[in-house]
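Input: a single structure, listed below in structure tokens.
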Amino acid sequence: MIWNIPFITVALLIAIGLYAVMFKRNLIKIAIGITIIESGVNLFLITLGYREGGIAPIYTNLPPGVKAPEGMVLPVPQALTLTSIVIGVAVLALTLSFIMKFYEHNKSLDSHSRRLKG
Amino acid sequence: MIYNEAIPAIAIGLPLLAAFLTPLINIASKKARNAFVLAILIIEELLVILLAWHVFTNDIVIYTMGAKNPTGAIPTQAAVPIRIVLEIDGMAAFMGLISATVSLAAGIYSIAFIKESNAKARYYTLLLLMLAGMIGMEFTGDLFNLFVFLEILSITSCGLIAYRQHADAVEGAFKYMVISNIAALFVLFAVALLYAQYDLLNIAAIAHVMQYTQLDKIALVLFVAAFAMKCGAVPMHFWAPDSYSTAPAAITAMLVAASQASLYALFRVSFTLYGSLMSYQTIGIAIIIFGLLSMFIGVTMALPQKDIKRLMAYHAISQTGYMLLGVGVGLYLLGSQDFNTYGIKAMEGGIFHIINHAMYKGLLFLTAGAIYYRLGTRNLNEMGGLGHTMKFTSIFFMIGALAIAGIPPFNGFASKLLIYEACYKVSPILSIVAMLVSILTLASFIKVFHSAFMGPKLHDVKEVPKSMLLGMAVLTFVIIFFGVFPGWVVNHIVHPAAMALADKMAYIAAVTGGA
């Protein structure tokens, strides 16, 4: 049961993030919501590759007594997570710069500050 | 024919490399930069045509990145197919053709349309990156790679939507950013769910061992929701009018192609990744419902619009509905007896409509851009009498408008007829709605044509520069060609693409080496 905690955390993070994106009116909070969802997904990927007592998957640095590859954590999800984090930074930077521009034009961070269009 | 096995990799790598060379060349000379970008776009178009020709005449092309023998299949039992595999079947090659052609037209159009400034080099950089993202999404055979290219595509599109930096553009870009980001994270989550079970990222390899567990179904729902969001199907369509209408016109035409790349991903996932054992019908019905809603709500929202590009954006949503309807009917019937008779026809109609839509909607957005270029407004009430002086633009607009309304001899007629016929067999109601939407489309474009081009001469304007006309002419040529020879196009391009989607075993066998 204790091993499910990371997965429960993932579900909670994604739910909180989605809530923030859907119901918050402040643009910065929407950006934060996206980042929370992203953390949840990244945590999920990392949890997939985790092995109890596993070591870093480097063959030349194998401590004695550890069998390869059974004693290692999976490297692929870590590579995926790294890529996803890098992409996430770029996306966040761009989103925040849009928010800055939005603020310059509207002098407000409220998403309802502009008229609604049909 | 000169064909090289490395063409799939070059087709992705070339725009990627050229994108980052563009600012460097810009330092030397602005003319050299324009020539360079155009040369790259033309080479890219030729590469994709060559590749598509090879795929249509021979078989599925695969290219394994970094392998000694990149075209060889990966034996399933020997090793995990951990390398990134590019896999181009009929459908992928077909989508590649659309992206390359629209980008070429948009590139030519942009030379005059985007005013010369320091940011123009960045504009071309992003445009080429966007092309690389689309081509990459369509050619890849790897789920994680699909996610990466999806993100490249969204980031560059958002940068380009906000290119003019006025308040509306920033709002449109922000909406698109939020939507595409959430969609991409859904995709990543679904990929992780699949990876957790099968330790695989390759689409064909996963499809080969798919167990259709509960988790797989959750992943499917996430995929469908994410890609439907990105392609602007109706419950998730609200970003489209804002982003489409505020982006520079050439970019709007690219955005149409970009949405279709997501549409391709939706079809790829629901046909190839899932399929044979799952009940097709549930997901098929879901796609049909998305389609009907998009068609009807899109067109009814378009009718009262006064902003010309907003109006066209709602039509883009409505036309996406036709594609979803056609392919959804195909998916609904897949595996049953009826599939070989009219199911495949419905899919052909839907797929043919994808390329037709990219061409005529691209053209319409470019003509709207031409009007904006001369008048500086997108408001229909302030236009009028443009037909007196902007003769070529009005002819191009008329061709685009007739094509979208499904009037023969233009291409929209051919694909819509296929959809009407095939859907009628499933349920007459589907065809009736489709025809009704078509009539409403015609009505709304007559309104635009009348208020923009007819009437007394109100504005003293000149025809737009030659490069913009040439960009529009490229798309017009394709529209007329497809409209006059629909039979040839359907047999040689659309049918292989439809069969490629329907026949998932061939896709799997190409990678795993004999199923």
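The values are calculated or read from the model by the stated rules, or taken from the named source; none is laboratory data. Being a predicted model, the structure only gives us computed values, none of them experimental. Here the Cβ positions follow ideal geometry from the backbone for every residue, glycine too, while neighbour counts run over all protein chains shown. For the accessible areas, the whole protein counts, side chains as well, though only heavy atoms, and no ligand, DNA or RNA atoms are used. Shrake-Rupley method; radii C 1.70, N 1.55, O 1.52, S 1.80 Å.
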inquiry  = Within region B:381-428, take every residue that is part of a helix (DSSP H, G or I) and among the polar types (S, T, N, Q) and give me the one that is surrounded by the fewest Cβ atoms within 10 Å (Cβ to Cβ).
reply    = B:381
query = Of everything in region B:170-180 that's touching a Cys at 6+ places or on another chain (Cβ under 9 Å) and within 8 Å of chain A (Cβ to nearest Cβ), which residue is nearest to residue B:226 (Cα to Cα)?
reply = B:177
message = I'm trying to understand the selection: among the residues of region B:1-13, which are within 23 Å of the chain's Cα centre (by Cα) and over 12 Å from residue B:130 (Cα atoms)?
response = B:7, B:8, B:9, B:10, B:11, B:13
inquiry  = Yes or no: region B:400-417 includes at least one residue that is in contact with a Pro (Cβ under 6 Å, 6 or more places away or on another chain) and more than 21 Å from residue B:468 (Cβ to Cβ).
reply    = yes
ask   = What is the number of the single condition among (1) touching a residue at least 24 places away in the same chain (Cβ under 8 Å); (2) within 10 Å of another protein chain (Cβ to nearest Cβ); (3) surrounded by 23 or more Cβ atoms within 10 Å (Cβ to Cβ) that residue B:193 does not meet?
value = (3)
task = Being part of a helix (DSSP H, G or I) and free of Cβ contacts under 8 Å to residues at least 12 places away in the same chain narrows it down to one of A:35, A:95, A:83, A:47, so name that one.
result = A:83
ask   = Which one of these is assigned to a helix (DSSP H, G or I) and over 28 Å from residue B:114 (Cα atoms): B:51, B:24, B:41, B:14?
value = B:51
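To keep it simple, each residue is scored yes or no on (1) open to solvent by 70 Å² or more (accessible area, probe 1.4 Å); (2) more than 21 Å from the chain's Cα centre (by Cα).
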| site | (1), (2) |
| --- | --- |
| B:457 | yes, yes |
| B:466 | yes, yes |
| B:470 | yes, yes |
| B:476 | no, no |
| B:507 | no, yes |
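So which of A:35, A:95, A:81 ends up being of a type in the set (Val, Ile, Thr), open to solvent by less than 20 Å² (accessible area, probe 1.4 Å) and more than 9 Å from chain B (Cβ to nearest Cβ)?
It is A:81.
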query = In this structure, does residue B:323 turn out to be assigned to a helix (DSSP H, G or I), away from chain A (no Cβ under 14 Å) and touching a Leu at 6+ places or on another chain (Cβ under 6 Å)?
reply = no
remark   = The residue that is least open to solvent (accessible area, probe 1.4 Å), considering only those in region A:4-28 that are among the aromatic types (Phe, Trp, Tyr) and under 21 Å from residue B:190 (Cα atoms), is A:7
Test for residue B:132: is it surrounded by fewer than 23 Cβ atoms within 10 Å (Cβ to Cβ) and either in contact with a His (Cβ under 8 Å, 6 or more places away or on another chain) or more than 10 Å from every other protein chain (Cβ to nearest Cβ) (or both) = no
message = It is to be established whether one or more residues within region B:196-204 are among the polar types (S, T, N, Q) and surrounded by 24 or more Cβ atoms within 10 Å (Cβ to Cβ).
response = yes
query = Out of the residues in region B:284-315 that are away from chain A (no Cβ under 13 Å) and surrounded by fewer than 23 Cβ atoms within 10 Å (Cβ to Cβ), which is farthest from the chain's Cα centre (by Cα)?
reply = B:285
ask   = Under 6 Å by Cβ, and 6 or more places apart or on different chains, what pairs join a residue from region B:155-169 that is more than 9 Å from chain A (Cβ to nearest Cβ) with one that is open to solvent by 40 Å² or more (accessible area, probe 1.4 Å)?
value = B:156/B:126; B:160/B:126
ask   = Only one of (1) surrounded by 15 or more Cβ atoms within 10 Å (Cβ to Cβ); (2) more than 12 Å from chain B (Cβ to nearest Cβ) is not met by residue A:53, so which one is it?
value = (1)
query = Which of the residues belonging to region B:421-463 are out of contact with any Ser or Thr (no Cβ under 8 Å at 6 or more places or on another chain) and hydroxyl-bearing (Ser, Thr, Tyr)?
reply = B:427, B:431, B:438, B:444, B:451
Number of the condition not met by residue A:58 [criteria: (1) over 13 Å from the mean Cα position of the chain (by Cα); (2) under 28 Å from residue B:147 (Cβ atoms); (3) of a type in the set (A, V, I, L, M); (4) surrounded by 13 or more Cβ atoms within 10 Å (Cβ to Cβ)] = (4)
inquiry  = Out of B:360, B:372, B:332, I need the residue that is within 28 Å of residue B:240 (Cβ to Cβ), open to solvent by 20 Å² or more (accessible area, probe 1.4 Å), touching a Gly at 6+ places or on another chain (Cβ under 8 Å) and touching a residue at least 40 places away in the same chain (Cβ under 8 Å). Which one?
reply    = B:332
note = Checking B:450, B:492 in turn, the sole residue that is within 30 Å of residue B:64 (Cα to Cα), in a helix (DSSP H, G or I) and open to solvent by 70 Å² or more (accessible area, probe 1.4 Å) turns out to be B:492
inquiry  = Yes or no: region A:40-48 includes at least one residue that is more than 12 Å from chain B (Cβ to nearest Cβ), at pLDDT 75 or above and either surrounded by fewer than 15 Cβ atoms within 10 Å (Cβ to Cβ) or closer than 26 Å to residue B:199 by Cα (or both).
reply    = no
query = Only one of these conditions is not met by residue A:66: (1) away from chain B (no Cβ under 11 Å); (2) of a type in the set (A, V, I, L, M); (3) under 12 Å from the mean Cα position of the chain (by Cα). Which number is it?
reply = (3)
query = Would you pick out the residues in region B:331-353 that are assigned to a loop (DSSP other than H, G, I, E, B) and not aliphatic (A, V, I, L, M)?
reply = B:335, B:336, B:337
request  = Filter region B:250-283 for residues that are aromatic (Phe, Trp, Tyr) and either within 14 Å of another protein chain (Cβ to nearest Cβ) or more than 19 Å from residue B:323 (Cα to Cα) (or both) and give the result.
outcome  = B:274
